[in-house]
Every structure is written in structure tokens, then in C-alpha cells.
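Asks: Sharing a structure with you now.
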Amino acid sequence: MVWSNLGQDSFRFDSTGLGLVVRAIERERGVFGTRIDREGTRRVVAQHLLIRPRTAVKRSAASLIVVVSSMKLALLLFLVLVSNFLPSSLAAPSSSGDGYAITGRVKVEGMTSKGFGASSKLLNAKIILNGGQNVTFVRADGYFTFHNVPAGTHLIEVAALGYFFSPVRVDISARFPGKIQAALTENRKALHELILEPLREEQYYEIREPFSIMSFLKSPMGLMMGFMLSVIFVMPKLVENMDPEEIRRAQEEMRTNFLPRSS
Amino acid sequence: MGSSHLRPWTAMAIRARLGFVILLSLFFSATLSTALYEDQVGLADWHHKYIGKVKHAVFHTQKTGRKRVVVSTEENVVASLDLRTGFIFWRNVLGKNDHIDQVDIALGKYVVTLSSGGSILRAWNLPDGQMIWESTLPVSTLSKSSLYVLANMNVGKDNLILVFGGSSIHALSSMDGQIVWRKELSIDSLEIQQIFQPHDSDIINAVGFVGSSEFVVYQISYRTGEVMQQSKASFESGFCGEASLVFDNLVVALDASKSSLVSISFKNEVINFHQINLSDLVPDFSGKVTLLPLKFNGMLAIEIASSILLLRVKGANELEFVEKISHPFAFSDALPLSKEQQAFAILQHDESKIHFKVKSDNDLRNEILKETIQMDSQRGNIEKVFINNYIRTDRTHGFRFLVVMEDHSLLLIQQGEIVWSREDGLASIVDSTTSELPVEKEGVSVAEVEHNLFEWLKGHLLKLKGTLMLASPDEVAAIQAIRLKSSEKNKMTRDHNGFRKLIIVLTRAGKVLALHTGDGRVVWSVLLPALRRSETCGNPFALRVYQWQVPHHHAMHENPSVLVVGRCGHGFDAPGIFSIVDSYTGKVQNSLILEHSVSHIMPLPLTDSTEQRLHLIIDAKLQAHLYPKNSDSLKHFFNEMPNIYWYSVEVEKNKIKGYSLESKAELDTAEEYVFQAKELWSIIFPSESEKIAVTATRKMNEIVHTQAKVVADQDVMYKYVSKNILFVATVAPKAAGEIGSATPEEALLYAYLIDTVSGRILHRVCHQGAQGPVHAVVSENWVVYHYFNLRAHRYEMSVIEIYDQSRADNKDVWKLVLGKHNLTAPVSLYSRPDVMVKSQSYFFTHSVKSMAVTATAKGITSKQLLIGTIGDQVLALDKRFLDPRRSVNPTQSEKEEGIIPLTDSLPIVPQSYITHSLQVEGLRSMVTIPAKLESTTLVFSYGVDLFFTRIAPSRTYDSLTEDFSYALLLITIVVLVAAIFVTWALSEKKELKEKWR
């Protein structure tokens, strides 16, 4: 839904036509509107270049870069944006050169945010960017970070034995640096924060059913025995119920059936 | 009337049929996956963990309870090994481009690794390998980066980790990886050589070269990174860049001509140069000198004319000759024994012996320790050594050596004995093949295999208890032990089912090993002499391994053998290496360096009279060389020569070319086995819009059982079964990179099916908005390929099935009888083959590392795709899920045929992971080997780890499963017999009663 709009809409600024700008802003609101209103954090950043110190990169930070040529437009944009809250996005431009940092968290039920013991199953969870371009590992608290990721649409996968994680599509906007959206690719569920939870636990083994009479009877041996017993006990009953004459006739008929008809 | 008479019989018949149907349905209603019970783990499969060739090792002996060593390897593995047994405590496999540069221990509890050319620094928890923090450093890729963990300044205080490379130094906190300070020494072309910290000071010294002639010393504050003092001086004859830190105030460097040493002493901003004359030390010195890295105070190691000199530095211009060492050898780094004393080890190889010497700086002329051990010659020369000490009970120093050998194996040597060894060359398998085991000779092992009947019954009763879930935990353990111990699977002879084989693998180190499929043990190993570094071949590397001789009918007394092909150097025109190894003993039968290069190797489906397989080697000049070189093979080859076609894929030039062979006009004896390639066709892909991403063909030895496929409503479709189908996938050049780099609009993927004899494109399909990486597998008449769909932003798998329409009319038997069929119609190369293509695409969740397809002996069993996922697991996916005839609502007849209703994505059933709860770390490839039993395929997957199992894609319909209970069968029979007698007695009684009546 949102994804398709993002890359294609062109944002054009005209120094004379104010109407166009407003329309562009409205469109921008339209795109993000639903999410923006739901988010609680009221953080607005509209400045020409935003560089956060490394320490601040860790969690999520919102940022928006608007580069405009005319001062008037900048002011207008700022005013419009002030009335807008941006959602706490999932990444921020990292201070170290080109690209952004994607920070997320892997969360597994029963794993506390700081617990060491419960996370033992996640000990060697690997996070894979774009099918192996970058590989990182989950820290003890479940967080992970990819540094120097260029703008574009990326894919994050979690490889953790025993759990099935959906790959996550992550869009880093080139026009609004630091603006990141994420969604699970398996069920197209949008993520407000990059918290990755397994869709299900994986059971790699068949579970042995406890012994029961039914399962024994269903086994080939049981069936064989059942069938034999039924032949032994039920068949005589069936034959018994018949008229002896009928049996004889039937037997005769059988005999004639097998004989060649030529006679 | 008549019908009513027959009722009981028909009813009986119906019942019998019903029973049969139930029975059948029970046999075949099994799920599509071949799942495993937890207690069956290890019965048919084995999993071996490796780490690869060790690059760095750091010992950790703080806690005496758990002695361990932390290593980093060439397979990008950082691992913690038990120093006593060599077992892996934990290991982490980094990404494939994330090469580890250095490893160290910080704070005594974190393992710090510097990787990706010095740009990523990670800390791992020493006890369990959990990542603690990760830091990315902006480092220029041009210069090499190094790691320096500062010694404990104050106990309990945060220590700094320094990463330096080029002209910048980063200091990071070892607690959380935050950059504490960063210093960009603003001088162009500065290369920092060393960083060191003089004892008990707050100052770090950094020494380096500017350009080629200036030497710089910086004194930098430990806390802030401020430059306290800076001094530089230039040396007129220049430096070559190699330098060795000898003392805290003395560096020895090589001058620009690499022929003499320069000692540089620096103290309080004064830098002095002294040229050292080597001819004083070495009387007949000439040529070039190499400085060897020896991190030992006051010592220097130089290499002159293939011998190594150990020199002691006494002062700024005074060197003393200590010892001369010849190749092959290894030095260890310095090991501090006490505050003043340090030691280092020299290992020297002398044929099959290794001499260990440990010297301390107190007395360089004599050794603290001198040991000699015998070394298996198949391990090659010694490559690296790491030294560690321990205090003996008599308070003297004992030493242990961690040794890396030429075959990448890792050994721990202590007190003149090998404590443990790891065959880590198996982490870098290049290629593999299989060999049958010898046939069991009669009267040899019958007696030892037979158990007595009582034992046998007892075992089966236990098993029965297990299957009925009545066994106690002790009994369960006993069952497991019986199963795992079963000597049957580890025997060294051929078995009836074809499960026992030898897997012959070729590793990157040039070692050939034979693994037993029963438990994966190494039966024999040989380090090929032809693939070792020598004077004639400076840089050999292993390419492939093929079956060379498989004795079948004619040469039964001979052992089978394999052919190992290598190349001398990395260029395509480097001469080839040929080695023939006996599959049973590992003896090298023949070994030679070829006169020509090796660019393609083609095993032909022909053998000579001694059952040696014919191989054609195509060299870089497009000449084909026939092997084995004997007149017999030539005779066989000439018969088939007009039928031999081959093709080459030139990825850089975006070209595929097809060739046939022609013999040379002038036949002199030397060139008898050389043939000329004749170009038949070529396909050139437009380089501005397409780039070859992947090609795939059918396996040479694949067997197709039926050419026809019976579809619903009794119709027949003929498979287009051709061994010459080549699948080619091309992607748009813009989208040839990684996933995030292209938009859906600029991405295109074309899939081609090409006949490699005629060069005809049979089919071409375009996937809009799709990009690589592409993985493909071709089998029978179908192709399955995996790629990324940018529009949906998911991975997709497509299947193409190709059917022969020209034979579609041959269904009518009458036509065949009356001769109205088209079987005798002329076939022309130029006529367009009448094919029909069906295809379908599905979403697939995971990234794929490798794909393969199961192979069975006769090709009857349905196929499964084996998918190596990004999580290093192997998923078996039934081919029925990738049937282009799947539809949303299959008709009744289609359902009966087994067509699964269409879903948009392929199901991932956790039980169908053939690796169950294991991971084949660093998975690279899967190999499928047919067993003799038609239902079963052997699967060998390798990467850093090895995993072997056998799978039955349609369940084992032709044999009883492992857990089949013979006891239950016996009991059933006994019960039935008893029932017969009882009923017989009863009927006798009844009859008697009847008669009395």
C-alpha cells in the first residue's frame, strides 16, 4: 500500500507556485498520515542536515531532511511540518560516512530484555541483510544494528534455529534521509518499530504418539490381525446364517461359472 | 434370486477390498515430508563440526578450570576450543566477506575481533560466544588495519582498544565499543606501522612512515588521543615499508632497495639512523633481504637466499648472529614468562620429524625446551605455531604448542606428544565424488556379525517396547546405544542397499580424504604431492575430483581410482596438474604436471578396456586433450567423436559458444591425443541489457525412468528429455548487484533454455522486476530457479517444464501398428523442435545458498528439491509443490493424480528439514548420491561443517524401516497360529456336538 507510492511520487518544488508545494505536503501527509497520528512520540526535526552523535543512533530517531532553495518555502514547510509529528522511525543517518544505520531488535517470547538465561536459544541468531551482503549477530539484549546501509529497499532475515521468522522489508527513503519503514514480507504486516518476533516455533521432529490400542490396531500388524480374526470369527457366522441349500446352489453356480461354456 | 445368493460373497469381497484400501492408504497416506523422530537422530546421519584453517590464536588460561584457546580462521570463524580435547565450546561464523583480520582478548572476558578490512570490531562473551557489542569504524580500505588491546592500566578500569590503519587511530572502550577518541594524523600517505605502550605510562607511541623516506614518531595521550609530541626525520635512501619493532625505542627497517637494514633509534624527539652492513654478519651476502615478522624484544629475523637468520640486536648499530634456520620452519610470537623474561618457539621440519625449540631472552644461545616428535607425513609442512605456557609442579615452565599444518589441520602438542588433532581441512572442501566399497569376501565376516538368537530377540523386544512407548528411560538409552553401535553401518564392505560408500573429498589444501558414509570417519587421507608448493609449481590449487576407474566387469581385481585435477597458479593458462589416487588405499598411482592448461574438464560416458573413464581436457587455446593416453581409449573415442559436442560459457564476454571436435590434419604421434575445437554456434547476450547470472545443466549421470507422463483423463504428455539442455539466467546489468541496489523498474531477469548441440533457444521467459542472485537446478525435463522479486520484495521460485509435442500424436497404438506414426520422420537440426512449455512461480520465504535435486538409482521415485537456506539448513521440498499444472481448484481426476491445490507460496514444513535441528554452518553445496535401493538417496552437504544423511522422497516403500519391529511380527504370527489351533479345536468340538445331536 504505502510502499508503492514512496518511490514513484516525485516531489517538485516550485519557487513561485505555493499551491503545488502545499499539495505536495498534503500528499506527504496522506502517505504517512495514518501512522503519524498513532505514534505517541512528538519529535519534529526539520533542519538542513541532521547528524546525530553515535550514542543517539542506538534506538530510533526521527529525522527529515528538506532541502529547499527558497527561504520562504523553507519557512512554509517548517510551519506545515510543525503541525505534523513524525513517527519514531527505525534508523537514523549514522555519523560515520555514507549510508544509514538500521537498528532493530529480535524478541522471543520468554526472553527478557536483559535476561541472559532465557535467551540461550537465541544465542547464535544471525541477522542477514540482503541475502548475505552483511551478517550481524544479536546482542544479549536482542538488539542488532547494520551500519552504512545505503538508501533503498532492503531485506532483513533472521536465522535462528527453532524459530520461523518472516523476512522483513525495510525501506530507507532517499528523499527523507533517515525515514525508514518496515514490513513483514510473509503477511505484509507493517512494523512500527523494528521488533522482530518469530511467526512460529519450529518443531523439527515428529512426535511419537504414546501407546494406545487404536494406534496398535491401525498399524499394519494390527490390521492384519484384525482382518484375520474377523475372517475366523465372522465368516463362519455369515455362512451359518445361510441356508445349506443356498450354499450348495451357490457352490454349484460357482462351479458352472468356472466351467467352459462350450458344453 | 441368483444375485441374492451371491450377496455374502460380494459383501466379503467388498470388505476385503476395503481392508486392502485401508491398508494401502495407511502405507501411503504419509505426509509429503519424510520426517524424523527425535530418537532416530544419528542413525542414518552424521554431522561434523569444523572451523577451518586457523589464522590467529589467543590462549586463555585465567581460570584454571576451563582452559581454552580462541581462534579465528580463514573460513571467517571465530571459535573457542577446549585446550584439553580440541572440542568446540562455541563458534560464530561471520558473513562470507567479513574476513577476520585479528583477534584478541580484552578485559579477560571478551574476545575482540577486527574484521572486514579493519572496519568492524566486535566483542564476544568469552564463556558462551554471545556478541556483546559491535562497532563500525570508517577506515580507508587501502591500508591494512591492526588491533592493539592495551594492557591493564588499572585493574577494574575500562581499557581501551586501539585500531590503527593508514593515518588514523581509533580508541574504543572495551566495555561497550563506543569510540572514546579518534585521531586523524593529518599527514598524507602516512602508514602507521606499530603502536606500543611503554611500561606504566599514559602515553602511547605510534611509529610509521610517510611516503617512502620519512620516519615519524608520535606520542599520544592515552586518555584523550592528543598528540603530545611529534618528531620526524627523513632517510635519504628511503624505506620499503617493512619494519620491525625491536625495542621501545628502536625500529629496524629495510631500505628501499631491500638489500640492507636500517636501525632507527628514537628518544626525546631525536631520531637517528644507522645503516647496518649485512656483509659483516653474512660473509657471502648478496641479493635481497626479507624481514620476517617476529614480535620478540631484541630479536630480528631476516630471510636471505631461502635461509633464515636470527639476529640479536644489541644496540643501535650492533647486531649479533644467533642462529641459522632453513625451511620449512615456523616462529611463534613472544610469550611473556615473567615481567622481565619472555620466550618464543622455533619449529623446524626435518622430513617426518618436527623439532621444537623454545628460547628465552635470557639465554638465546641455548634452549629452555627441546623436543622432537614424529609427524604424519600426510599433514605436510608446518605453517604456524602458537605457544602457551603452564607451570609444572616443580615450578618450571612447561609449554604447549598449537600447530597449524599445511593440510589445515590443527594439533596441540605438549610434552612431545600430540594431545589432540583436528582435521580442519574438511572445512574447505572444493569438490567431492563417491566410490563403492570393496565387495565382501565370502567366509570372512559372517561369524562375527551373527548374534545369537536370544540377544537378537532381546534387542527387538526392547525396540518393540520403545515403539509402544512402554520403555523406561534406561531402556530408551539402551535402545539408542544398540542403534548407534550397530556395526552394520560402519563396515568396510559394500552392502546390499548401497548405503555404505566412500565419499572422496578434495580440500583447498590439496588433500584428498575418504570419508565413510556410516559415521563420517576418515578412512584414509593423502596430501597430494603434485598439489604442494614446489619449485616447478609455485602456487598450485585444487580444482575438481572425478571418478577415474570404476571396475565393473573387466578389471574386477583392480581397485577403483579417482582423478584429481588441479592448476599451477590462478591464471587460466597455467599448466594443469593430474593425479590419480586409489580409492581404497589412498595411494597416489600417477601424478603429472600437464603441458597444457585446464579450462574445462569433460568426463565422457566412455571407458576403455580397463574401465578407465575417458576424459577430455579443454585448454585455454581451445584444444581438446584426451586422457588416458592409450591407443585403446583413442579407438573408443574415434567411434564417438562425431557425437561429441560441448559448450563454453564466457561470463565476462556475455557469450555462450558451442563446439564440436575435429582431429588435426597432420597426425604426428605426440599430437595424436589432441583435437581441435570447431565453433558451431554462439549466443551473444546484449551486454547493455543482460548479464549472465547463472547457468545450470542436468547431471551427467541422471537416469530418467519414464519419458511419458500420464496426466488426468488418461492423456499422455511426453517429456522433452534431453541431456543437452542448458539453463541460462541473465539479469539486467543495473540489477546485477545486491538486493538493495536496484529499483523494480530497472530489474529484469531472463530465463533461457538452450539446446547445447544446435545452439537453439528452446524457450525464453522474462521476469519483470526480478533480480539475482539466481540459483537453478535442472533435472529430467524441468528447471527450478530461485530469484528475488523486487515488486513483491520476496524471493520467488519458478518452475519450467518442457514437453515434446512432436511425439504427442504417437499415443494411438493403431497408428504405430499401421505405420502412420511420425517416428521415422526425418529429424533435422534446423527444424524447430515442437515443444510445449509450462511454467509457474511461487513465493519462497528464505534466501537460498545452494540447490540440488535428489537422485535415485532408477529414477522411479519422485523427486525432492534440496534447498540450502540462508540459515544453513537443508530443506527437502517435494517436486509436487513445483508442478506447473497446479491450479486453485484441481478437478477430481487431477486430485487423484496428486496435484496439490495452488498456493501463492511454497510451504516450509519444519519436519522436512533433512538437517533437523542442526545447522551446516557456512553451507556451500549439497551432493546427492543414489543408493542401490531405489527409494533412497544419500545426501552429503558441506560447508564449514559436514552433514550426511539418507532420505527417501516417497518413503522407503521398498524396504522395512529402521524401527520395524520384528518382535511384533513374530508375536503376530504366534498369535495367529495359536488362534488357528484354538479355532480348530473349537470347531472340532462343535462338529462333535453336531454329530451327537
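Asks: Where a Cα-Cα gap under 14 Å defines reach, which aspartates and glutamates qualify for B:Lys858, not counting those fewer than 8 residues away within the same chain?
Replies: Hits, sequence-local ones excluded: B:Glu702, B:Glu780, B:Glu934, B:Asp958.
Asks: Also: Enter the mean number of other protein chain beta carbons within 10 Å of the beta carbon of each residue in B:125-132, as an integer. Can you show the working numbers first?
Replies: Working: counts 4, 0, 0, 5, 3, 10, 10, 3.
Mean partner shielding for this stretch: 4.
Asks: Can you run phi through the Karplus equation (6.51, -1.76, 1.60; θ = phi - 60°) for segment B:206-221 and list ³J(HN,Hα) in whole Hz, with x for Gly and Pro?
Replies: 10, 10, x, 10, 10, x, 10, 10, 9, 10, 10, 10, 10, 10, 10, 5
Asks: Follow-up question, since we're still on this one. Which is the longest stretch in chain B that no exposed loop site breaks, taking sites as GluC sites (Glu not before Pro) with a DSSP loop state and at most 10 other Cβ atoms within 10 Å?
Replies: B:689-997
Asks: How about chain B: what cysteines have no other cysteine beta carbon under 4.7 Å from their own?
Replies: Cysteines lacking a close Cβ partner in chain B: B:Cys240, B:Cys766.
Asks: Now a separate question. Under the definition of partner shielding as Cβ atoms of other protein chains within 10 Å of a residue Cβ, what is the mean value for peptide A:185-196?
Replies: 1
Asks: Sticking with this one: In terms of modelled amide H atoms, which long-range or inter-chain residues lie less than 5 Å from the amide H of B:Trp90?
Replies: Under 5 Å from the amide H of B:Trp90: B:Ser80.
Asks: Continuing with the same structure: May I ask for the equivalent-ellipsoid semi-axes of segment B:734-798, computed as the square root of five times each C-alpha gyration tensor eigenvalue and listed largest first in whole Å? Before the final figure, lay out the partial values.
Replies: Values: eigenvalues 116, 33, 17 Å².
In descending order the semi-axes read 24, 13, 9 Å.
Asks: I need the calculated FRET efficiency for the pair B:Ser326 and B:Ser599, taking r as the beta carbon distance and R₀ as 41 Å, to the nearest 0.05. Could you put the intermediate results ahead of the total?
Replies: Numbers: r = 38 Å, r/R0 = 0.92.
My answer for the efficiency is 0.60.
Asks: Give the aspartates and glutamates whose C-alpha is closer than 16 Å to that of B:Lys993, dropping any in the same chain fewer than 8 places away, or say none.
Replies: A:Glu240
Asks: Also, I was wondering about something else. Shielding by partners for A:142-151, please: the mean number of other protein chain Cβ atoms within 10 Å of each residue's Cβ. Could you put the intermediate results ahead of the total?
Replies: On the way: counts 0, 3, 2, 4, 2, 7, 4, 1, 3, 1.
Rounded to a whole number, the mean comes out at 3.
Asks: Once amide H atoms are placed 1.01 Å from N in the peptide plane, what residues at a sequence separation of 5 or more from B:Ala747, or on another chain, have their amide H within under 5 Å of its amide H?
Replies: Here B:Gly769 satisfy the definition.
Asks: Next question, about the same structure. Would you mind telling me the antiparallel percentage of the DSSP bridges in segment B:837-965, rounded to 5? All intermediate terms of the calculation are to be shown ahead of the outcome.
Replies: Details: 23 of 24 bridges.
In segment B:837-965, DSSP labels about 95 percent of beta bridges as antiparallel.
Asks: Taking N as the number of residues in segment B:850-985, what is its Cα Rg relative to 2.2 N^0.38 Å?
Replies: Working: Rg = 20.2 Å, N = 136, 2.2 N^0.38 = 14.2 Å.
Compared with the compact-globule rule of thumb, segment B:850-985 sits at 1.42.
Asks: Indicate the helices, whole DSSP H runs only, in chain B that combine a mean Kyte-Doolittle hydropathy of 0.0 or more with a Cα extent along their long axis of 15 angstrom or more. Before the final figure, lay out each step's value.
Replies: Details: long enough: B:7-28 (31 Å, 1.19); B:453-467 (21 Å, 0.07); B:473-485 (18 Å, 0.15); B:966-996 (45 Å, 1.02).
Helices meeting the criterion: B:7-28, B:453-467, B:473-485, B:966-996.
Asks: Go through B:162-174, B:937-949 and give me the packing order, highest mean Cβ count within 10 Å leading. Mind showing how you got there, number by number?
Replies: Working: B:162-174: 22.6, B:937-949: 24.5.
The densest-packed peptide leads the list: B:937-949, B:162-174.
Asks: I've got another one for you. For chain B, what is the calculated [θ] at 222 nm in deg cm²/dmol (nearest 500), taking -39500 (n - 2.57) for each run of four or more DSSP H residues and dividing by its residue count? Intermediate results must be reported in sequence, preceding the final value.
Replies: Details: 10 runs with 115 residues, N = 997.
Calculated from helices alone, the mean residue ellipticity at 222 nm is -3500 deg cm²/dmol.
Asks: Out of segment B:707-738, which chymotrypsin sites (Phe, Trp or Tyr not before Pro) are coil in DSSP terms and have no more than 10 other C-beta atoms within 10 Å?
Replies: On the way: sites: B:Tyr718, B:Tyr720, B:Phe727; in loops: B:Tyr720.
Counting only loop positions with at most 10 other Cβ atoms within 10 Å, none of the chymotrypsin sites (Phe, Trp or Tyr not before Pro) in segment B:707-738 qualifies.
Asks: What whole-number value in Å² describes the accessible area per residue of segment B:207-361 for a 1.4 Å probe? Don't skip to the end; give the middle numbers.
Replies: Details: 6810 Å² over 155 residues.
For segment B:207-361, the solvent-accessible area averages 44 Å² per residue.
Asks: Hey, got a sec? Which chymotrypsin sites (Phe, Trp or Tyr not before Pro) in segment A:157-241 land in a DSSP loop and have at most 15 other Cβ atoms within 10 Å?
Replies: Numbers: sites: A:Tyr163, A:Phe164, A:Phe165, A:Tyr204, A:Tyr205, A:Phe211, A:Phe216, A:Phe227, A:Phe233; in loops: A:Phe165, A:Tyr204, A:Tyr205, A:Phe211.
When the chymotrypsin sites (Phe, Trp or Tyr not before Pro) of segment A:157-241 are filtered for loop state and at most 15 Cβ neighbours within 10 Å, A:Phe211 remain.
Asks: Is there a quick way to get the dipole size of segment B:932-984? I mean about its Cα centre, with the Cβ of Lys and Arg at +1 and of Asp and Glu at -1; what is the value in debye to the nearest 20?
Replies: Details: 3 positive and 5 negative charges, 20 e Å.
Using only the charged Cβ atoms, the result is roughly 100 debye.
Asks: Then there's this: Suppose each label sits 7 Å from its Cα in the direction of the beta carbon; what would the B:Asp519-B:Lys653 distance come out to in nanometres?
Replies: 5.3
Asks: So what are the ³J(HN,Hα) numbers for segment B:854-863, from phi and the Karplus equation (6.51, -1.76, 1.60; θ = phi - 60°), rounded to whole Hz, Gly and Pro as x?
Replies: With coefficients 6.51, -1.76 and 1.60, one gets 5, 9, 10, 4, 10, x, 7, 4, 5, 9 Hz.
Asks: Could you check the simple spin-label distance between B:Gln374 and B:Arg832, using points 7 Å along Cα→Cβ, in nm with one decimal?
Replies: The two pseudo-label positions are separated by 7.4 nm.
Asks: Next up: Quick one: buried accessible area between B and A, total over both chains, 1.4 angstrom probe, nearest 100 Å²?
Replies: Details: alone 48900 and 17520 Å², together 59830 Å².
Buried: approximately 6600 Å² between A and B.
Asks: Shifting gears a bit: Leaving out same-chain residues fewer than 8 places away, which lysines sit with a Cα under 21 Å from that of B:Lys465?
Replies: Of all the lysines, those that pass the test against B:Lys465 - Cα under 21 Å, at least 8 places apart if same chain - are A:Lys218, B:Lys485.
Asks: Rounded to whole Hz and in sequence order, give me ³J(HN,Hα) for segment B:609-623 from the Karplus expression 6.51 cos²θ - 1.76 cosθ + 1.60, θ = phi - 60°, writing x for Gly and Pro.
Replies: 5, 9, 6, 7, 6, 7, 10, 10, 10, 9, 9, 5, 8, 6, 9
Asks: Where the accessible area of segment B:665-732 is counted over protein heavy atoms with a 1.4 Å probe, how much of it, in %, is carbon and sulfur?
Replies: 51
Asks: Just grab the label-to-label distance for B:Phe89 and B:Lys635, each label 7 Å out from Cα along the Cβ direction, in nm (one decimal).
Replies: 6.7
Asks: Let me ask something else about it. In the calculated pair distance distribution of segment B:613-740, what percentage of Cα-Cα distances lie above 23 Å?
Replies: Taking all Cα-Cα pairs of segment B:613-740, the fraction more than 23 Å apart is 53 percent.
Asks: What pairs from B:Lys653/B:Lys849; B:Lys723/B:Lys879; B:Lys67/B:Lys339; B:Lys67/B:Lys357; B:Lys501/B:Lys678 go past 31 Å between their alpha carbons? Write out the running numbers ahead of the final one.
Replies: Working: B:Lys653/B:Lys849 25 Å; B:Lys723/B:Lys879 20 Å; B:Lys67/B:Lys339 22 Å; B:Lys67/B:Lys357 23 Å; B:Lys501/B:Lys678 40 Å.
Over 31 Å Cα-Cα: B:Lys501/B:Lys678.
Asks: Give a quick list of trypsin sites (Lys or Arg not before Pro) in segment A:118-210 that DSSP marks as loop, anything other than H, G, I, E or B, with at most 16 other Cβ atoms within 10 Å.
Replies: On the way: sites: A:Lys121, A:Lys126, A:Arg139, A:Arg169, A:Arg175, A:Lys179, A:Arg188, A:Lys189, A:Arg200, A:Arg208; in loops: A:Arg175, A:Lys179, A:Arg188, A:Lys189, A:Arg208.
The qualifying sites are A:Arg175, A:Arg188, A:Lys189, A:Arg208.
Asks: Taking H as built 1.01 Å from N, whose amide H comes closer than 5 Å to the amide H of B:Val853, not counting residues under 5 places away?
Replies: So B:Val853 has HN proximity to B:Leu866.
The values are calculated or read from the model by the stated rules, or taken from the named source; none is laboratory data. Being a predicted model, the structure only gives us computed values, none of them experimental. Don't worry about glycine lacking a Cβ; one is built from the backbone with ideal geometry, like all the others, and counts go over all protein chains shown. Surface accessibility is based on the protein's heavy atoms, side chains included, excluding ligands, DNA and RNA. Shrake-Rupley method; radii C 1.70, N 1.55, O 1.52, S 1.80 Å.
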